[in-house]
Ligand SMILES: [Zn+2]
């Protein structure tokens, strides 16, 4: 195996990254050789010097959710840190997958690879300033200082401007790997300084294959999960391994048959909202209590719950509570969004049957329901229903109250 194994169905991108990793390695090797010669060696040229080098100091990975943007960025980070003496493996590039550099970069413990991912809706100025400060350090291992920003689309405008300065004038050994759904999600000034890589939705078969190989999932279950999630690797894995996720999906796929009167619409809407709320509650139970206890201990609160906090520490506690609240909002929104994606997939299957398209249904396990809706409605009506689900997702993006948005959707699904 190599670091590129988990970059599923993205051959064009992988070839470019491998070429960049190879040129990056050549730069480092040349620099070390010059330093070794000790003859007042010239400092090595910056990463993007020379028009022939495939290496540069800022990259933007874009692609639809589930295409593996962050995975590709991490694989590249690992290849940049590969220290295997035999660095010309697959693709003739570094990234053996086994050496200390590769391994620690992939699991997130490499001293010179900072992986930033957020469970909040936005990344602010303060956090970005810290990151920029960190990015200016020389790599401790002598290769590259790599910052992977998995949610570059969540930078606030202020944070984006802080980042811009760092991307404009990077330290010689610093590499920024930004990930976002599309180039439009990143400030134009930033993206113009990045080399852009666009990933595509990986083929269903390739996703199933990786679930079997990497996660040890049984082939039939892997194929089912890959088909149901239409090439979204992370969701496919979750569906194949998480009982709760399967139950959620089953419930959502029953919705189209339940919205035949207003009462059914309102009830279905409320249930979607409740389910999202439960997911957020689950996350809170898993994480919030521990976080709060840790902060209390760090602040020197009297032991035991309810112990008084020392004077002047209430601000820190308040800050944590705000953060937890924002995370809860984000979890609810993500959960709801997943449900809406499943619904879209259902109606897409309906449309496929209505048009007589000979494609495998994403939701083959509920073929009877798909069939029933297909024969009792028209393609035009199905298109309007798909539009209603998309409109709901957009409304949620604009911060419309979730219950209102979802009720409007279920009503539209009924009326068509
Ligand atoms: Zn390696």
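Quick notes on this structure:
- Axis angle, to the nearest 10 degrees, between helix 125-135 and the longest C-alpha principal axis of the chain: 40 degrees.
- Taking the centroid of alpha carbons for each part, segment 133-157 and segment 57-82 are 13 Å apart.
- For the chain, the relative contact order works out to 15 percent when only alpha carbon pairs closer than 8 Å and six or more residues apart are counted.
- Shape call, segment 11-198: gyration tensor on alpha carbons, a/c limit 1.5: prolate
- Gyration tensor verdict on segment 228-341 (Cα atoms; rounded if a/c is under 1.5, prolate if a/b is larger than b/c, oblate otherwise): prolate
- Residues residue 32 and residue 371, FRET efficiency given R0 of 60 Å [Cβ-Cβ distance, rounded to 0.05]: 0.35
- Fewest-first sequence of 334, 397 by Cβ atoms within 10 Å of each Cβ: 397, 334
- Residue 250/residue 126 FRET efficiency (R0 41 Å; Cβ-Cβ; nearest 0.05): 0.45
- Rounded Å value of the spacing that divides the Cα centres of segment 198-273 and segment 307-331: 34 Å
- Against the main long axis of the alpha-carbon atoms of the chain, helix 262-299 sits at an angle near 30°.
- Per-residue [θ]222 nm for the chain (sum of -39500 (n - 2.57) over DSSP H runs n ≥ 4, rounded to 500): -19500 deg cm²/dmol
- Exposure proxy shown here: for 383, 413, the number of other Cβ atoms within 10 Å sets the order, fewest to most, as 383, 413.
- Global geometry of segment 63-161, whether rounded, prolate or oblate, following the gyration tensor of its Cα atoms and the 1.5 cut on a/c: oblate
- Simple label model, 7 Å out from Cα along Cβ direction - residue 281 to residue 394, nm: 3.3 nm
- Relative to one another, the C-alpha centroids of segment 367-414 and segment 93-128 are positioned 39 Å apart.
FYI, it's all coordinate maths here, none of it is from the lab. Remember, it's a predicted structure, so these values are computed and weren't measured experimentally. No Cβ is skipped: glycine too gets one built from the backbone with ideal geometry, and neighbour counts run over all protein chains shown.
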